[in-house]
Structure formats: structure tokens, C-alpha cells
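Below is one structure, written out as C-alpha cells, with a few remarks after it.
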Amino acid sequence: MKISLEWLSDFVSWDDEPAALAVRLTAAGLNVEGIEEIRRTFPGVVVARVLEREKHPDADRLSLCKVDDGTGSPVQVVCGAPNVRAGITVLFARVGAELPGDFRIKKSKIRGVESCGMICSAAELELGLEGSGIVELETDLPNGTPADELYGFQDTVFEVEVTPNRPDWLSHVGVAREVAAIYGTKMSLPPIWNAVQGGESLGVKVRVEDYADCGRYTAWGAQRVKIGPSPRWMQNRLRAIGARPINNVVDITNYVLFELGQPLHAFDRGQLAGSAITVRRAPEKTSVVTLDGQTREIEAGTLLICDEKGPVALAGVMGLGNSEVTAQTTEILLESAFFNPSHVRRASRRMGLISESSYRFERGADWDMVERAALRALQLLQEHTGARIVPDWADRHDPDHRPADPLRLRVWQVNRVLGTAVTTDQVAQILQRLGLKVQPMGNAESISASAVNMMVHVPTHRRDLSLEVDLIEEIARIHGLDQLTGRGGYRIPGGAVKRPRDVARDRLRGWLSACGYAEIVTSSFMEAGDHDHLGLPADDPRRRTLAVVNPRHGGDTQMRTLLAPSALVVSRRNLNAGSTPPLRFFQINRVFRTDLPLGRELRQADEVLLPAEPEYLQLVVAGWRETGLGGVPADLLEMRGAVESLSAFLRVPLTLEPGTDEVWLDDGAAWRVRDAAGRVVGLAGRVAPGVLAAFDVDAPVALAEIRLDDLDLTPAPARFEAFIRFPAVKRDLSLLVPAAVSFGQVRDTVAEAGGPLLESSELFDIYRGKGVPEGRAAYGIRLKFRSAKGSLKGETVDAAIGTILAALRDRWAIEPRG
Amino acid sequence: MQEMIDRLRSEALAAIHAADGEPALEAVRVAVLGRKGSLTGLLRGLKDLEGDAKRDAGAALNALKDELTAALDARLLAFSGARPVTAHAYDLTLPGRAPAPLGSRHPLLTVLEGICDIFYGMGFSRDDGPEVELDYYNFTALNFPDDHPARDIQDTFYFNEKVLLRTQTSPVQVRMMEQREPPLACIFPGRVYRNENADASHSSEFFQIEGLVVDRAVSMADLKDTVDTFVRNFFGAEAPTRFRPHYFPFTEPSVEVDMQCVACGGSGCGVCKQTGWLEIMGAGMVHPNVFRAAGYPDDRYTGFAFGMGIDRIAMLKYGISDIRLLYENDLRFLNQFRGVQ
């Protein structure tokens, strides 16, 4: 919203520079976002009359003119405009004049003929008027009159941010009220038409079908209207705030809208059928042409203004082309009404049509301004269109409409909410400055929770004030928020409770980053093709996504049901950017699953409509092509190791079991992760080559995912156990293991056969090749024995090893090497 | 000639070795390499030789000069306590091997946790709520009437009439109050969504942190105190703050909180668009209708709430000019946030 200070000064005065006023308004809640200086002057440009016009001797399209610019002697000038002719009054730029765009007029020769100045077009002066060619002025202007007297204009314009609760600030008078309150001065309203009693009747009957849709509808008449341009001061003001002048009638309705905040609509009375105006809802879907020339579908139920043939306006939004004011209009029916805010809002939303009118009506018009705005418009119509105002008007309003109840105000509550110590007098003064009527109550000086100190009557333009606390905000604004001083920090009773889950999550993030993983934050949306790229079966519940119904143009719509796609997208991006593999990432993020139980108590029945939002930890290693122990890919070994370390770090038992239920993982290179109860709480493995190709990732990607909600992140504290101080005995075994036997089987057998003396076993080497028989691998395993009873004797250890070797031989045909 | 050179070499090296201090070493240097030194004398004698003999002797003498100079320098270093590099058995300038490569924490979440830590210190607890939320919690219970322009402030992603992506962390306020009786002081960090096109300062997904304090007589002055304490702790400076009246449906009175620009100290710069102030949060006193939606009796409690955008604060803190960098997950960006932040 733009506010012209020149316009504003019609209603209020203030003793401050514009910048200082802007600061005061901003501090009061009307945020001034920009200040624009308008300085329009035309030095050296004057009114002149064309005395003679003849063809240029050397150019068909040019004219040679003599003009009288008020200096007494005619001036010769060459003009190129087709509409130049003797007798017209023009704007003439003398030699030495400065035109917009740093264009200086000099004496010159045009095709051999001397030209001493220039006859100006609207465009050359940047007047923003309609039409081409030179400007033709009224003939009664004296020659030599400076153009500045006609078009010169200086103004300062504020761009203000008006919050939805303050529709009253969407007008100059509304802002003037605020300025008056801030500076403690008076403000005045613009003049209105002094209704003349008796005389002709309007001849139009108004009927409102439902006052719930339209609380008040007034119609007014103006006859013998002469359509033409509006006065220049009005055009200047409209232009200053960014509106385009059209003609006197349309400009007047717009002017009143920006001045008083009340939208008006002028119908061409001659185009209205019959003598009845009805405000009613559209019974069915229909199609209309609005003032802007657009054909629009309107839904059944849309509020319409109708003549005896059909709709002539979309109530509160825009008029229709069929009753538009044109150059031929001579009689006007002026509408000023109060429409239901939410009704206008719905209609405007549905049609995607937001007008200055709908913007104000949906925020709430001012009931009392309905009549005053019409009277102001009539006064302007009478003055600037030569109209004769019909002294009679139609006014239909809700008979049950009552003014708002006065509000009770307790000074005790003011100070309780604000933390201030203001007095009853101060409060009353502030409210009165804002134009509110204050009615003191008996116990004005008593300050307590139950003592109502005053009743406050709220004017119709402040319908946002409906509760005691709304008044408290007004007091805070005007009293000054910079006056608030605390009592040294509010102390929270009870103090902080840091949730163990938050602590664990934060430590986890620190630990993973120290392990080389870079934390990523990925979008909650997934791309439309992601499910197919992953190859999820048709009945996979994760295909049942929630989809946004009103996405941005081109934006993703589906909420993600798994994190895998984001890992692949981030891997691709960084591999393509040339980062050196292996690339490591982690994220802790939510997915959105409609197929899982919500897992919390429902407070609202509708909560069954919400998805579960399980939180996952995901680790990613991308682009690592090396292999490790036993020829297993290094990224796979790292994922296994990471899950094992995670288990140790969180002190939550997790086990990895070869195999996967995920089609997008490489079947032979993946694990299920199970918790102590055997539930699957995660996965680890390599992404299947086909899926990598579908996501355009040209390198291996391994990942691990753990559903954090499934883990108990508050494990019991560690309990100390006395450790054995007797020395351990270490023995290395070299075993020839058949290819069909896995390390896991070897490990389990060793542990079982080793008995209580075996403290640990550790694989340190796998060797295939020279010296090892075909189909076998040599495993180097280090065993550690220890006893709580004393130092172990060699024979005891030998016996234990014998048992282990026997078990390995019996069960797996494993022989010691060499 | 060669004999003389060999003899000079062994004598000089012995003398260098035998020198027991810097003065003695200097004497050796003068005796051998000085203007009247023995080696200098031999070099002068070269002019009497010719052809191959001259060339060979010249090369040998120069090599000897280099050798003796190095020996003198090495001996000198020994006296001064330092040891020549070659005295080590290993090349200790080779690159080290890190215990593990260094990863990074995302700057957004670092800032989020940093903010939480400050509020923990002030006695706040932490909670969170769903991102896919009911219209009821995101709007209705927060005193956004149906069909009201206040809803236009935030462009919303809808799934259907009743379900949407939360546009703010404020719905968690209501969920918290439904479950607990005051006094309460809580923060709610999390991801929020707006249906708008991305540019350098807008993202359709971003992070907020919400704060809520409710008690028998919490006031706007307490809010001001809390905000000041936060700013002082987070920005580490005595940056003044100011309240500007504003409008949020769920608070009354509502304010926007500005802090003096940390980049210029209030004199005006590009960061604060020449205003000297940076908007850091919206705040206000909890609206009675919100208490009512939460089921609290009228008039029993007062409370304040505040909400701030974490992205903007992270951008300010780290000098990040484009919000989209936070969500691209490019390692060239992420790697800049390694280590202690």
C-alpha cells in the first residue's frame, strides 16, 4: 500500500521530516518499507498557442509552426506530430528547457529550417497520459503559463506494509488517524456532498436477499455526467500511489477508495435493465465478462449484484463489462456496500481475482464509512463531472445490526500482560488519542483482577478491537515498546529437562562427523519416479505417498517414504562435482508413512489422517571401488563396521544378518539389522547396480539405515565389573577353511569349543594362493585365553586348542595349516 | 696438487672436529677459508696451472670448499643446540595419517543445537511435533479464522482440506499446552514448509525454532528479557534489540524483534539493507483464544511465544549469501564446516 504524504496532509499535520515520520509509524506497527521522493518539474516548458501551421518546405511529414509562448513575438518551430494545427493550445519547450531524461532544448536547423523550441507530447514530458501526438490543452489557459503550474508535482510516498488485522490502514484517512494518535494532534475528514432534500427520486429499488452476505447496500444517483479526464491534482495523487487515471468517474471512485478505504462501484445507469437492483447468490454456475475484459466462470453461490436481466457485478470483487462507465455514459448509479468478508474472500480466491475492492472487503469494511464514502464521491462527482446529484438514495441494511459492545478494561491486566506500571489516567489518555471513547467506571483507581476501570467504545473502523487484550496491544504500541524493562530475566520454575533422545541424537551427530561423515539435510519431498527407479513392487506400502494438491509450478509433490533416493541424489551430485571418493555422508531425517501406526495418543479425531513420521539415521559411502579383507568391497565392510560401532556407541545391541527384503539393495551384499529382541530395525548393504543406473550414479554406493525411533536411546548406565588381573595367553591359528564355510561359522564354532577360558578370537588375515590348496583359504586367527583362577599353564591352553581344532575338523573339515 | 688437497681436507676436518667452541671453530674457518686461509691460497695458486690440470684442481678445490663449509655449519649448529635435519633417521616432513578423515556437521543443525543449548541454560525444555499437521493445529487453534486473510501470510502446501505441511513450528505450542499444565517453558525446533518458489533468500523447506513460556503472570517485559539474554549469549555481544508492533493471529500484543546489525554495529550496511537493524524473530503474548483452544481457563495464565528462522541466523553467522546452498549438500560447501563451530 502506498501513502502520499501530500494527500495525507489534507487530513492531519505533523511536525517532522518524512524519515522521522516513517520511524514513528514503524514503531507504531505500520511498517514503512520504502520512501519514494517524487519531484516532477518542467523548467522552460510553458503553455503556448499555435498561430500558424504550414507544411515544411522540405519534408512531407513535418510542419512549420509559429507559436505564441507569451513572450509577445511569435516563435518559429518545426513539429513532427500529425495532430498539430493552428489554434490549438499546446505545451511548448522553449530553447534552454530541460525535459525528462536530461534532454536539453537547443536552437537547431531541421532540414534547413530554423526551429526554436519544441511542441511536446505527453510521452516526452513523461506525463503518463493516454494518447499519442502532442498534448492539446484547454484553450482558456493564458500563454506563457509555466507547465509546472499544471503538471508540476512534488510528493513523498511511503510504501507501507499493512498487516491483515488493520484494514483501516488501507486508506489515507486511516493512516491520518494513526499520525494524529502518534503526534497527539487532531485529524479531519474530507468534505462531503450536502444532501439537498426533496426533488427527484432515484427510481431504483434495492433488495438484499440475505443480510448475512451483504450487511448493507446503498445506491446513489448522478445525472448529466460529462465523462472526461479527472482534475490534474487527482491524477497526480493517483499516479503517485501507483494507480492509473482512466476518466473522471472511475478516478473518483478509486480516489475515494484510497482516501477513505471504502470500495465504490459506478454503474452506467443507462445500461442497467429495469429499476431493481438485487443482491443475491448465483443459483448455478455461469459465465460472465468482468471489467478487465476477461471471461470468467463463476460458481453457484457466488454473491452477485443483479439488475432485472442478470448479473452486473461480482459483489465486492469487480463489476461486469455490461454496465461499465464509458465515454458515452451520462447517468450513474453509485454503489457503496458492506459485504461479508469471508464471502468476498472465497469468491476472490475461487476466481483467482484479487482487486483493490476484494482486498479491502475481505479484511473488513467500515460500516459507518459506507454512507460517508458515497457522499464524498457525490461531492467530487458534482464538482468535477458537472453532475446533478439525485437527492434521494436507496439504503438497505440488516435490521438486526447492532454496534459492537463496549470492552471492559482492567488496568491490572494491562500491567500483568505488559509488565508495566501504567496508571488508569495514562491508559485512558492513550485510548482517547486513538479515537476510542472511554467511559470511566466507579472504582477508577482500584487496581485488581476484578476491578473494571473503564468501558471502551470502539469505532466501526477498528473492528479488530474485540477483546481486552486488543486494547492492551494498543496501549503497548502507543506507550512505546521501548519502555519495557524486564526484571532481570524470567526464571523458569522447575528448570530444563533435556530429553535423552535429543542428547543421544546430538552426540551421534558429533561422533559420525568425527568418523569422516558429512552431515546432509535433504528435502522431505521425493521425485515422482523414485519408486519406479528403486523398483519397489506395486503393492509396496511405501508407494502410498501423501501428495500435495497445490504444489509450486514444477515442484515435487510427494512426501518421501524412504531416504534412499536422497542418498543417491547427493552421491551423484558430489561424484559429478569431482570430489575424491570415498564420499561419506550421514543424515537424521524423517519419512512420512501412511501405512504405519501414528504411535501417539490422539487428541483430535482427525489425527488419524496424519502419517507416522519415523526418524531414520542413514550412513552413505559413495564411489569406493577398493576391496578389503577376503576380497569383500571396502564400502560393505565399512557399513558393517559402522553398524557394529554404532551399536557399541549407543550401547544398543544390534546384529547384522546377511540377506535383505529390499529390492533396491544388491541381494548378495546386504544385511538386515536386528535389535536385541530380533526385530528388524534397519538395513545395510550396497545399492543394486540397476538402481544406481536408474539414478544415474556411475559408482558404487553402500548405505546403512537405522530407524532411530525403534532404539532405546536411554540404555542403563555401564556397570563396572572386576577385571581379571592374571595374564592372558595368546595363540595364533592358521586354518585351511573350505570355500563353502563362512567366517561366521568358524567364529561361532571357535567360541563354542573354546569354552570359558577363551576370552576373544580375532581374524587378522585371509590368504588364498601359493601354498594353499585350491578351494581353500588360509585364515589367520588370534586367540586369547585367560582364567580367573590363576596364570594359565601351557598344557591347559594346548588342550583348549585341541578341542577347538577337533570341533573345526569335525564340523567343517577345517585343517590347521602347515 | 691432489696430495695437497687431500692433506688439507684431513687436517681441516680434524680441526673442525677438534674445535671445542664457537671461537675455536671460527679460528679454523679463518685459517682455512679466510682471505689468507690455506684453501684460499690453493685457489689463488690455480692461476699458475694450465689445461686439464687447472680444471681438475679447480673442481676438486671447489668441492672441498663446499664440504668444509657444510662441516663448519654442521658443527656450529651442534654448538647452538640444534641438530641438522639429516641427523634424523626418518623424513618427518612426510604427511601424517589422520585417525579418521574429518567429516562435518551441517551448519543449520549446528546453529539449531547452539540455540537450543542457550535456551536449555535458561531453563527451557525441548519438544517437537509432526511436520504433516492438521489445519486445526497449524491455523484454527492458533486463532487463524477460516477464510481469513491472515492465512495468506503463509503460503501453505495442502494434502486435503484438513491436512497440510506445517508452515510454522507454532502448532507444537498447542500440542504442548493440551498435554501439560503451566508453568511451562519449552522450545520446539523443526522443519517447516512454505509453498513458494526458491530464490537466494527463500526456500520452500526451512527450519524454525519456537519458544513458549506460560505461567500465572508472565509479561511482555519478561519476553524482552528472554530475547535479550538469548541475543547476548548467541551473538556474544551486547547488541541492543527493539520491538516493533506487528500482527500474528496467535499472539496479542504481537511484535517483530530486531537486533542491531552485527555486521556494521548499527551504522548501516549491505547486510541490514542500510537500516542498522536485523529482524530476527516474531514474538508476542499468547492470545487468549489460543489458551482457550488448549483448554486453559480464561484469565488464569499469561504467556509469551517467539519464533525465529534458523536458516537466516545461520546465514548471518557464517556469511552465507544464498539459502539454497544449505540444501544442496555439496561437499565443497559442507567441508567448510568441519571441526569445532
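The values are calculated or read from the model by the stated rules, or taken from the named source; none is laboratory data. Quantities reported herein were computed from a predicted structural model and do not represent experimental measurements. Neighbour counts run over all protein chains shown; Cβ positions are idealised from the backbone, glycine included.
Across segment A:4-40, the number of residues qualifying as in contact (Cβ under 8 Å) with a residue 12 or more places away in the chain, closer than 30 Å to residue A:98 by Cα and surrounded by fewer than 13 Cβ atoms within 10 Å (Cβ to Cβ) comes to 4. Residue B:286: out of contact with any Pro (no Cβ under 9 Å at 6 or more places or on another chain), of a type in the set (Val, Ile, Thr) and surrounded by 19 or more Cβ atoms within 10 Å (Cβ to Cβ), yes or no? Judged against the criteria, residue B:286 is a match. Of the numbered criteria (1) at pLDDT 95 or above; (2) aliphatic (A, V, I, L, M); (3) out of contact with any helix residue (DSSP H, G or I) (no Cβ under 7 Å at 6 or more places or on another chain); (4) closer than 16 Å to residue A:685 by Cβ, the one residue A:632 fails is (1). Being within 30 Å of residue B:244 (Cβ to Cβ) and surrounded by fewer than 20 Cβ atoms within 10 Å (Cβ to Cβ) is a condition met by at least one residue of segment A:383-404.
So which residues in segment A:649-705 are among the hydroxyl-bearing types (Ser, Thr, Tyr) and buried (at least 19 other Cβ atoms within 10 Å of the Cβ)? Write out each step before concluding.
As a first pass, look at segment A:649-705 and keep what is among the hydroxyl-bearing types (Ser, Thr, Tyr): A:655, A:660.
Of everything in segment A:649-705, just one residue is among the hydroxyl-bearing types (Ser, Thr, Tyr) and buried (at least 19 other Cβ atoms within 10 Å of the Cβ), namely A:660.
Looking at A:39, A:49, A:24, A:53, just one residue is assigned to a helix (DSSP H, G or I) and charged (D, E, K, R), and that residue is A:24. Taken over segment A:586-626, residues that are under 21 Å from residue B:330 (Cα atoms) and in contact with a Phe, Trp or Tyr (Cβ under 6 Å, 6 or more places away or on another chain) amount to 3. For residue A:205, the requirement of being within 30 Å of residue A:333 (Cβ to Cβ) and either surrounded by fewer than 18 Cβ atoms within 10 Å (Cβ to Cβ) or within 14 Å of chain B (Cβ to nearest Cβ) (or both) is met. For segment A:344-358, the candidate set comprises residues that are surrounded by 23 or more Cβ atoms within 10 Å (Cβ to Cβ) and touching a residue at least 40 places away in the same chain (Cβ under 8 Å); within that set, the residue that is farthest from the other protein chains (Cβ to nearest Cβ) is A:357. Restricted to segment A:234-251, and to residues there that are part of a helix (DSSP H, G or I) and touching a Ser or Thr at 6+ places or on another chain (Cβ under 7 Å), the residue that is surrounded by the most Cβ atoms within 10 Å (Cβ to Cβ) is A:249. Annotation: residue A:790 fulfils all but one of (1) within 24 Å of residue A:723 (Cβ to Cβ); (2) surrounded by fewer than 17 Cβ atoms within 10 Å (Cβ to Cβ); (3) out of contact with any Phe, Trp or Tyr (no Cβ under 7 Å at 6 or more places or on another chain); (4) not β-branched (Val, Ile, Thr); the unmet one is (3). What number of residues in segment A:566-582 are part of a loop (DSSP other than H, G, I, E, B) and either more than 10 Å from chain B (Cβ to nearest Cβ) or farther than 12 Å from residue A:620 by Cβ (or both)? Residues flagged as part of a loop (DSSP other than H, G, I, E, B) and either more than 10 Å from chain B (Cβ to nearest Cβ) or farther than 12 Å from residue A:620 by Cβ (or both) within segment A:566-582 amount to 5. Looking at A:349, A:280, A:296, A:345, just one residue is part of a strand (DSSP E or B) and within 31 Å of the chain's Cα centre (by Cα), and that residue is A:296. Remark: residue A:603 matches the filter, which requires a residue to be surrounded by 15 or more Cβ atoms within 10 Å (Cβ to Cβ), basic (Lys, Arg) and in contact with a helix residue (DSSP H, G or I) (Cβ under 7 Å, 6 or more places away or on another chain).
If you take the residues in segment B:198-214 that are touching a Gly at 6+ places or on another chain (Cβ under 8 Å) and at the interface with another protein chain (Cβ under 7 Å from one of its Cβ atoms), which one is surrounded by the fewest Cβ atoms within 10 Å (Cβ to Cβ)? Write out each step before concluding.
Of all residues in segment B:198-214, those touching a Gly at 6+ places or on another chain (Cβ under 8 Å) come to B:204, B:206-214.
Checking which are at the interface with another protein chain (Cβ under 7 Å from one of its Cβ atoms) leaves us with B:204, B:213.
Details: B:204: 22, B:213: 25.
By that ranking, first place goes to B:204.
Looking only at residues of segment B:216-244 that are surrounded by 19 or more Cβ atoms within 10 Å (Cβ to Cβ) and over 25 Å from residue B:311 (Cβ atoms), we find that the one that is modelled with the lowest pLDDT is B:225. Does segment B:155-164 include one or more residues that are assigned to a strand (DSSP E or B), within 22 Å of residue A:548 (Cβ to Cβ), of a type outside the set (Ser, Thr, Tyr) and at the interface with another protein chain (Cβ under 7 Å from one of its Cβ atoms)? The answer is yes; a qualifying residue exists. Filter segment B:135-154 down to residues that are touching a Lys or Arg at 6+ places or on another chain (Cβ under 6 Å) and farther than 17 Å from residue B:307 by Cβ, then give me how many there are. The qualifying residues number 3.
This table checks each residue for (1) within 7 Å of another protein chain (Cβ to nearest Cβ); (2) at positive phi; (3) more than 35 Å from the chain's Cα centre (by Cα).
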residue	(1), (2), (3)
A:437	no, no, yes
A:453	no, no, yes
A:458	no, no, no
A:470	yes, no, no
A:476	yes, no, no
A:481	yes, no, no
A:519	yes, no, no
A:522	yes, no, no
A:532	no, no, no
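Within segment B:136-154, if we keep just the residues that are under 24 Å from residue A:589 (Cβ atoms) and modelled with pLDDT of 95 or more, the residue that is farthest from the other protein chains (Cβ to nearest Cβ) turns out to be B:138.
For the structure I just gave you, tell me whether residue A:328 is under 24 Å from residue A:204 (Cα atoms), part of a loop (DSSP other than H, G, I, E, B) and at pLDDT 95 or above. If you could, list the steps in order and put the result at the bottom.
Working: under 24 Å from residue A:204 (Cα atoms): yes; part of a loop (DSSP other than H, G, I, E, B): yes; at pLDDT 95 or above: no.
When the stated conditions are applied, residue A:328 does not pass them.
For segment A:596-615, a residue qualifies if it is in a loop (DSSP other than H, G, I, E, B) and either modelled with pLDDT under 95 or within 8 Å of chain B (Cβ to nearest Cβ) (or both), and the qualifying residues are A:596, A:597, A:598, A:599, A:600, A:601, A:602, A:603, A:604, A:610, A:611, A:613. Within segment A:749-764, the set of residues being of a type outside the set (Ser, Thr, Tyr) and within 10 Å of residue A:808 (Cα to Cα) comprises A:750, A:753. For segment A:87-114, a residue qualifies if it is of a type outside the set (A, V, I, L, M), outside any loop (DSSP other than H, G, I, E, B), closer than 15 Å to residue A:66 by Cβ and in contact (Cβ under 8 Å) with a residue 40 or more places away in the chain, and the qualifying residues are A:89, A:92.
If the requirement is being of a type outside the set (Val, Ile, Thr) and either surrounded by 14 or more Cβ atoms within 10 Å (Cβ to Cβ) or within 14 Å of another protein chain (Cβ to nearest Cβ) (or both), which of these qualifies: B:101, B:95?
Working: B:95 fails: either surrounded by 14 or more Cβ atoms within 10 Å (Cβ to Cβ) or within 14 Å of another protein chain (Cβ to nearest Cβ) (or both).
Only one candidate qualifies: B:101.
Restricting segment A:24-61 to residues that are touching a Pro at 6+ places or on another chain (Cβ under 7 Å) and closer than 30 Å to residue A:165 by Cβ leaves a set whose member that is farthest from the other protein chains (Cβ to nearest Cβ) is A:35. Give the residue that is nearest to the other protein chains (Cβ to nearest Cβ), with candidates limited to residues of segment A:543-562 that are in a loop (DSSP other than H, G, I, E, B) and among the charged types (D, E, K, R). Going through the qualifying residues, I end up with A:552.
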